[in-house]
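Everything below concerns the one structure shown next.
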Amino acid sequence: MKSDDLFPLLQWYHEMGVDVAICDEPQNRFESKEPVKRAHTHTETTAMAPSNPSTSHPAYSCQTLEELRQAMMSFNGCALKETAMNLVFADGNPKASVMLIGEAPGADEDRQGLAFVGQSGQLLDKVLASVGLDRTKVYISNIIPWRPPGNRPPTTAEVAACQPFIERHIELVNPKILVLLGGVAAKTLLGTAEGIVKLRGKWQSYQPTPTSPVIKTIATFHPAYLLRSPGQKAMVWRDFLTIEKELKL
Ligand code: URA
């Protein structure tokens, strides 16, 4: 094949979200003699979800963050793990009073295995700095710990499969204040269908499990949305001033 012929194929891969090569050598999968390992479908992910998630999901037996990270590494109930390069567990200081939750890692986070290190993360750092915070004073994680291909939004089944991990993560960190970045984090953890425009800027109560302490929680716009709609930055700044005031009490 001439290299000119390959360009439309590469372009198609890119549009489908294949933007990193994960092997040094190309593999001709048509020649494989081995039965092809089928990726989990969403139906399988749902079927694998435990019937009583509050007790039988592996997240709930984890007593430390390291145990939780290991449980996530061994988890096979979410097909996103198969296309991602790395598990994105968190970034920042797990002893901080403020914990922020985003949606899912992007390409930079997937490459580095750390939350919010790409363009959205750089904007988040500026917002944090405006109220005297930085990554030594906050802890950051996501609803979904593996990058969805092409940065597509996570499906309901993917969120349901991963939700016990983030709930246990929050319970183990037990922050004074929880900040939900964007609609996916807010709707998932607050258990509401209400949109982020209505939810943002108001204090809410969040309890990871019925026996864990109630955490003061506030939702705000996601930094990726601010990159597309910079006119909304003032709203986010206002939300972070509310957070700053609460931290000083
Ligand atoms: N967007 C998110 O929601 N999380 C990240 O870690 C990066 C971008």
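The values are calculated or read from the model by the stated rules, or taken from the named source; none is laboratory data. The structure displayed is predicted, hence computed values, not measured ones. Every residue, glycine among them, receives a Cβ derived from its backbone with ideal geometry; neighbour counts consider all protein chains shown.
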**Positions within segment 122-132 being over 14 Å from ALA185 (Cβ atoms) and either touching a residue at least 40 places away in the same chain (Cβ under 8 Å) or hydroxyl-bearing (Ser, Thr, Tyr) (or both), in sequence order** = LEU123, VAL127, LEU128, SER130, VAL131, GLY132
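What do you reckon, is LEU65 near the ligand (Cβ under 9 Å from one of its atoms) and either out of contact with any Ser or Thr (no Cβ under 8 Å at 6 or more places or on another chain) or modelled with pLDDT under 95 (or both)? Lay out the reasoning, then the answer.
Details: near the ligand (Cβ under 9 Å from one of its atoms): no; either out of contact with any Ser or Thr (no Cβ under 8 Å at 6 or more places or on another chain) or modelled with pLDDT under 95 (or both): yes.
Judged against the criteria, LEU65 is not a match.
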**Prompt:** When you go through (1) within 15 Å of the ligand (Cβ to nearest atom); (2) surrounded by fewer than 20 Cβ atoms within 10 Å (Cβ to Cβ) one by one for THR188, which number turns out not to apply?
**Reply:** (2)
**Message:** Residues that are under 30 Å from GLU82 (Cα atoms) and in contact with a strand residue (DSSP E or B) (Cβ under 9 Å, 6 or more places away or on another chain), at least 3 per element: which helices (runs of 4 or more DSSP H) completely within segment 115-220 meet that?
**Reply:** 119-130, 156-173, 183-190
**Asked** What are the residues in segment 73-107 that are within 17 Å of PRO154 (Cα to Cα) and in a helix (DSSP H, G or I), if any?
**Response** LEU80, LYS81, GLU82, THR83, ALA107
**Prompt:** Would you say GLN70 is surrounded by fewer than 20 Cβ atoms within 10 Å (Cβ to Cβ) and in a helix (DSSP H, G or I)?
**Reply:** yes
**Prompt:** Listed residues THR83, THR46, THR55; which is more than 14 Å from the ligand (Cβ to nearest atom), at pLDDT below 95, surrounded by fewer than 22 Cβ atoms within 10 Å (Cβ to Cβ) and within 18 Å of ILE144 (Cβ to Cβ)?
**Reply:** THR46
**Item:** Leading residue by the ranking (surrounded by the most Cβ atoms within 10 Å (Cβ to Cβ)) among those in segment 96-108 that are of a type outside the set (A, V, I, L, M, F, W, C) and within 21 Å of ALA71 (Cα to Cα)
**Value:** PRO105
**Message:** Condition (residue is away from the ligand (no atom under 13 Å from the Cβ), crowded, with 19+ Cβ neighbours inside 10 Å and over 17 Å from ALA185 (Cα atoms)) applied to segment 109-121: is it met by at least one residue?
**Reply:** no
**Message:** Please pick out the residue among ILE177, ILE140, ILE218, ILE170 that is within 15 Å of the ligand (Cβ to nearest atom) and surrounded by 18 or more Cβ atoms within 10 Å (Cβ to Cβ).
**Reply:** ILE140
